[in-house]
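What follows is a single structure, written as C-alpha cells, with notes after it.
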Amino acid sequence: MRVDAVTLFPEMVDRPLSESIVGRAREEGYLKLGFSNPRDFTDDRHRTVDDKPYGGGTGMVMMAEPLYKALLKVRKKGSTVILLTPKGRRFDQAVALELAKKKHLIFICGHYEGIDERITPLADLELSIGDYVLTGGEPAAVVVIDAVTRLIPGVLKKSDATVNETFTGGLLEAPHYTRPGVWRGKQVPQALLSGNHKLIQDWRRERAEELTGRNRPDLAPPAAAKKKARAKKILS
Ligand code: SAM
C-alpha cells in the first residue's frame, strides 16, 4: 500500500512509523510512506503557509494554495484523500479494515487553528481519532496509519492475529498470560494450562463477554455489525 502525508512536519509522522512492526513493514515494502510539505509550495521569502482567520479570532489558519499544491503532487487517480480533523467521523477498527483495502491513502494533517475550509471538499473522508483536540494532525496520521498497516496481509506474520482480536469480532479480546505460571503468588487460570482446546476456547469466550459487558457494553455483536455497515457507507 502507498500512503502519503501532506504535512508541515514530516518527521512527526516518519519517526514513530520507523520502529517495530510498521518500520519492518516499510523495509519489506508492504507500506510505502511518502510526504508532501506545503512549505515547499510557497513563493514568498518566508515560505508562509498560514495567515490570520477572516472574521477575527485567535490562532492562524493554514492557507489553501500551498496545501492544494502539496496535495496535487501526490494525488493520483484512485487515491483516497483523508482529512484529519476533530470534526470528522470517529476512527475505529471497522474504518481501519475498509482503509486497509485501498491502494493509496493520502492524509492531510492540519496544524494551528486548522486549514482553510475550501480544502475540505477535496477529501473523500473527514476523520477524527477521538473527541479531543490535538495540536496537529500528525499524531492522528500515525495512529491511523499504524492501525491500517497491521491489517495489510503479510505484515503480521501470523495471519490470524487480527481475526480474534479486540473490536474485530464485536467483543474485547480475552486476557493473555505468559510464563511463569505463578507470578508473585498469582496463578495463570487453570483452563489455559489444560491443553484442552475446547475448554480454552470456552474460557476465552466467557472472559471476552464478561470484559465487554463491564468495560464496553456498547460493543455487543449487533452494535459491531452496525458499525461495519456505517464504515462501508462512509467510504462509498
Ligand atoms: N480549531 C480546530 C477545532 O476547534 O476544531 C482544531 C484545530 S487543531 C488545534 C489542529 C489540527 O490538528 C487540525 O486541523 C487537525 O488536522 C488535527 N487534529 C486535532 N485534533 C484531532 C483529532 N481528534 N483527530 C484528528 N485530527 C485532529
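When you look at Ala94, is it under 21 Å from the mean Cα position of the chain (by Cα) and either hydrophobic (A, V, I, L, M, F, W, C) or not in a helix (DSSP H, G or I) (or both), yes or no? Spelling it out, Ala94 is indeed under 21 Å from the mean Cα position of the chain (by Cα) and either hydrophobic (A, V, I, L, M, F, W, C) or not in a helix (DSSP H, G or I) (or both). Do we find that Tyr54 is in contact (Cβ under 8 Å) with a residue 60 or more places away in the chain, out of contact with any strand residue (DSSP E or B) (no Cβ under 6 Å at 6 or more places or on another chain) and not in a helix (DSSP H, G or I) in this structure? For Tyr54, the condition - in contact (Cβ under 8 Å) with a residue 60 or more places away in the chain, out of contact with any strand residue (DSSP E or B) (no Cβ under 6 Å at 6 or more places or on another chain) and not in a helix (DSSP H, G or I) - is not met. Among the residues of region 38-48, at least one is open to solvent by less than 20 Å² (accessible area, probe 1.4 Å), within 15 Å of the ligand (Cβ to nearest atom), more than 23 Å from Gly130 (Cα to Cα) and without any contact (Cβ under 8 Å) to a residue 40 or more places away in the chain. Being over 17 Å from Leu151 (Cα atoms), open to solvent by 60 Å² or more (accessible area, probe 1.4 Å), not in a helix (DSSP H, G or I) and not charged (D, E, K, R) is the filter here, so list the residues in region 1-37 that pass it. The one that is over 17 Å from Leu151 (Cα atoms), open to solvent by 60 Å² or more (accessible area, probe 1.4 Å), not in a helix (DSSP H, G or I) and not charged (D, E, K, R): Phe9. For Arg214, state whether it is modelled with pLDDT of 95 or more and either more than 16 Å from the ligand (Cβ to nearest atom) or assigned to a loop (DSSP other than H, G, I, E, B) (or both). Yes; evaluated as a whole, the condition is true for this residue. Among the residues of region 146-178, the ones that are of a type in the set (Asp, Glu) and either in contact with a Cys (Cβ under 7 Å, 6 or more places away or on another chain) or outside any loop (DSSP other than H, G, I, E, B) (or both) come to 1 in all. The combined condition, being open to solvent by less than 10 Å² (accessible area, probe 1.4 Å), touching a helix residue (DSSP H, G or I) at 6+ places or on another chain (Cβ under 7 Å), under 18 Å from Glu113 (Cα atoms) and in contact (Cβ under 8 Å) with a residue 60 or more places away in the chain, is fulfilled by Leu67.
Restricting attention to region 108-149, the residues that are over 10 Å from the mean Cα position of the chain (by Cα), more than 9 Å from the ligand (Cβ to nearest atom) and open to solvent by less than 70 Å² (accessible area, probe 1.4 Å) total 6.
Quick check on my filter: what residues within region 97-128 are in a strand (DSSP E or B) and of a type in the set (Val, Ile, Thr)? Result: Ile106, Ile108, Ile115.
With respect to Gly88, determine if the residue is open to solvent by less than 30 Å² (accessible area, probe 1.4 Å), assigned to a loop (DSSP other than H, G, I, E, B) and near the ligand (Cβ under 9 Å from one of its atoms). For Gly88, the condition - open to solvent by less than 30 Å² (accessible area, probe 1.4 Å), assigned to a loop (DSSP other than H, G, I, E, B) and near the ligand (Cβ under 9 Å from one of its atoms) - is not met.
The values are calculated or read from the model by the stated rules, or taken from the named source; none is laboratory data. Note that the structure is a prediction, hence the values are computed from the model and not measured. Because the Cβ atoms are built from the backbone with ideal geometry, glycine has one as well, and the counts that use them run over all protein chains shown. In case anyone asks, the SASA skips ligands and DNA or RNA and just uses the protein heavy atoms, side chains included. Shrake-Rupley method; radii C 1.70, N 1.55, O 1.52, S 1.80 Å.
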